[in-house]
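K.L.:
Following this message is one structure expressed as C-alpha cells.
The values are calculated or read from the model by the stated rules, or taken from the named source; none is laboratory data. Quick caveat, the model's predicted, so the values are computed rather than measured. Don't worry about glycine lacking a Cβ; one is built from the backbone with ideal geometry, like all the others, and counts go over all protein chains shown. Only protein heavy atoms, including side chains, enter the accessible area calculation; ligands, DNA and RNA are left aside. Shrake-Rupley method; radii C 1.70, N 1.55, O 1.52, S 1.80 Å.
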Amino acid sequence: MPSGPASVMTSLRIPMDAATPTEAGNVESFTDRDDSVSEQLRQVRAAALALLIKAQKAGSAAEMADAVEKAAAALKTATEISNALADRAKVTQEIANLKRTNESAPKRERSDRLRDYVAILTPLVAIITLAATIFSQTWQFVRSERSKREDALNAQWQDVVKMISASGSLSPAVVQLQSFLQSPKYARQAKVAAISLLANGSDAAFFMSLFGTTFTPVNWSAMEDLVQLDRALGARGLPLATKSYDAEKNINDKTRLTKEEVASFTYVEEVIPTITSRIGSVLKTPRPPGVQVDLSATYLRSADWKGIDLDAANLEGTYFLYMDLRDVELANVTRFSGLAVSSTAWWEAKSISKPLLEFLTANFPFKKDSGYGPQNQRYEQAAYDAAMVRLTSQLK
C-alpha cells in the first residue's frame, strides 16, 4: 500500500489536476479559475475527512497509521491551497488597488493642482478683499468729509451773501468772497455777486482789491462779464459827466453834483480805465473762431489799444474817450449808430470801413489845439491830412 504525502497526491490525482494549471508559471490561468480551485480545495478536504474516517475503521494499527498519514498530507495540501488562494486574493486586491490608483491619478492630479491654485489664490483673494474693504471705507470717509465740507461751504456762502447784502464796503465778507471765486460750485454765483459789488460801489480801493481776483485769468471767457461791468458803470457815470460838463471851460464841474453823485462820478472815472485796459488785453489775444466783438453801449476811457482787431465789431452807442487807437483794425465796421469819439485820434487806425470813415470825418473831425489819447498828445494838421490820405487809399 502506498504511504506518505506522495501516495495521497497520487490518490487525489484527478481532483488536483482539475485545480492545478496545466502550464507551470501560468499565473493568469490560475487567477482565472477561482471556482475550479475552490472546488479542488473542497475535494482535498473531503478526501482528508474520508481518510480520517477510514483510520477510525481501520482493522489494524498499520492501516490506521497509513490513513492518518495520508489525511495529514491531505490537510497540509488543503492548507497550502488555502494559503495560495489567500495570497492570490491579496495579489488580486493589490492589482485592483493599483488599477483604481491608476484610474484616479488624473483626478488626483487635477485635485492637487486645484489645491495648489487654492493655496496660491487664497492669500490673493484675502488681499483683494482687504483692499476692497479699505477702498470702500476710504470712499465712505471721503464722501462723508466732502459732504461735511460742502455743508460748511454752503453755510459760509450764505453768511457771505448776507454780509454782502448788508454792506458793500471792503469787509471780511468781501475778502471771503474772493475764495469762492475759485470754487467749482460757487464760482459763477460769486462772480455775479462780485460784479454787482464792483458796479455799485464807490470805493476805488475796494474795486482794485476785488477786480483782479474776479477777472483772472485774462481770456475771452471773461469778455462778456467785463463788457457788462463796463456798461453798468458807464450807465452810472456818463449821465453825471453830462450833468457836470462845463462847455465854456471844457471841464467837468463837480460842484454841479451832489455829494453822493460826486462819489459815484469819481469812482467811475477812476475804475473805468482799468476795465477798458482789461478788455483791451483780451482783444489783443487771438479771437476764437466765430466770435463777434460786441462793444455796444460801452464806456471806454484812457487805455492803450494799439494794434487791436475790431474788424466787424459792433460799436453802436460806444463812447471812446482819450483812447490810443493806433494801428487798430476797423475794417468792415458797419454798426456804429450812436458812436461817440472824444479826444481820440481815430485817424491813426490801420484800416477803416468807408461808412465809418465818413461818419467820423463828419462828426468828430480833427481839432488842432486838442489833446488826444491817454497821454493827451498833440497832432499837427499835416499828420492828420496824411493819415486821411492813407485811409482813403485803402478803401474798397
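K.L.:
I need the full set of residues from the range 357-382 which are more than 19 Å from residue 303 (Cβ to Cβ) and loosely packed, with under 14 Cβ neighbours inside 10 Å, in order please.
P.N.:
Hits for the range 357-382 are 358, 362, 363, 365, 367, 368, 369, 378, 380, 381, 382.
K.L.:
Another question about this same structure. Of the residues in the range 325-362, how many are touching a Gly at 6+ places or on another chain (Cβ under 9 Å), basic (Lys, Arg) and in a strand (DSSP E or B)?
P.N.:
Residues meeting the conditions: 0.
Every residue, every condition in (1) surrounded by 10 or more Cβ atoms within 10 Å (Cβ to Cβ); (2) touching a residue at least 12 places away in the same chain (Cβ under 8 Å); (3) farther than 18 Å from residue 49 by Cα; (4) of a type outside the set (Phe, Trp, Tyr), yes or no:
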residue	(1), (2), (3), (4)
60	no, no, yes, yes
66	yes, yes, no, yes
74	yes, yes, no, yes
78	yes, yes, no, yes
81	yes, yes, no, yes
89	yes, no, yes, yes
93	yes, no, yes, yes
99	yes, no, yes, yes
105	yes, no, yes, yes
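K.L.:
Within the range 335-350, can you find the residues that are surrounded by fewer than 18 Cβ atoms within 10 Å (Cβ to Cβ) and under 18 Å from residue 394 (Cβ atoms)?
P.N.:
none
K.L.:
Has the range 280-302 got any residue that is open to solvent by 40 Å² or more (accessible area, probe 1.4 Å) and among the β-branched types (Val, Ile, Thr)?
P.N.:
Looking through the range 280-302, at least one residue is open to solvent by 40 Å² or more (accessible area, probe 1.4 Å) and among the β-branched types (Val, Ile, Thr).
K.L.:
Testing residue 249 on (1) under 22 Å from residue 281 (Cβ atoms); (2) outside any helix (DSSP H, G or I), one condition comes back false. Which one is that?
P.N.:
Residue 249 satisfies every listed condition except (1).
K.L.:
Determine which member of the set 269, 316 is open to solvent by 20 Å² or more (accessible area, probe 1.4 Å), out of contact with any Asp or Glu (no Cβ under 7 Å at 6 or more places or on another chain), among the charged types (D, E, K, R) and under 17 Å from residue 360 (Cβ atoms). Show your work before the answer.
P.N.:
Working: 269 fails: under 17 Å from residue 360 (Cβ atoms).
Just a single option satisfies the conditions, and that option is 316.
K.L.:
For the range 253-266, what are the residues that are without any contact (Cβ under 8 Å) to a residue 40 or more places away in the chain and either crowded, with 18+ Cβ neighbours inside 10 Å or aliphatic (A, V, I, L, M) (or both)?
P.N.:
Matches in the range 253-266: 257, 262, 265.
Residue by residue, here is whether (1) more than 45 Å from the chain's Cα centre (by Cα); (2) among the hydrophobic types (A, V, I, L, M, F, W, C) holds:
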{"residue": "202", "(1), (2)": "yes, no"}
{"residue": "209", "(1), (2)": "no, no"}
{"residue": "216", "(1), (2)": "no, no"}
{"residue": "219", "(1), (2)": "no, no"}
{"residue": "231", "(1), (2)": "no, no"}
{"residue": "240", "(1), (2)": "yes, yes"}
{"residue": "243", "(1), (2)": "yes, no"}
{"residue": "247", "(1), (2)": "yes, yes"}
{"residue": "259", "(1), (2)": "yes, no"}
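K.L.:
Right, something else. Only residues that are out of contact with any Phe, Trp or Tyr (no Cβ under 9 Å at 6 or more places or on another chain) and part of a helix (DSSP H, G or I): list them for the range 233-246, please. Don't jump to the end; show me each part of the working.
P.N.:
Narrowing the range 233-246 to residues out of contact with any Phe, Trp or Tyr (no Cβ under 9 Å at 6 or more places or on another chain): 239, 242, 245-246.
239, 242 - these are the residues of the range 233-246 that are out of contact with any Phe, Trp or Tyr (no Cβ under 9 Å at 6 or more places or on another chain) and part of a helix (DSSP H, G or I).
K.L.:
Could I ask something else about it? Can we say residue 389 is at pLDDT 95 or above, under 27 Å from residue 242 (Cβ atoms) and of a type in the set (A, V, I, L, M)? Don't jump to the end; show me each part of the working.
P.N.:
Values: at pLDDT 95 or above: yes; under 27 Å from residue 242 (Cβ atoms): no; of a type in the set (A, V, I, L, M): yes.
Criteria not met by residue 389.
K.L.:
Spot the failing condition for residue 368; the list is (1) out of contact with any helix residue (DSSP H, G or I) (no Cβ under 9 Å at 6 or more places or on another chain); (2) farther than 22 Å from residue 282 by Cα; (3) assigned to a loop (DSSP other than H, G, I, E, B), and only one is missed.
P.N.:
(1)
K.L.:
Which of the residues that make up the range 291-324 are outside any loop (DSSP other than H, G, I, E, B) and under 47 Å from the mean Cα position of the chain (by Cα)?
P.N.:
Selection gives 294, 299, 300, 301, 304, 309, 314.
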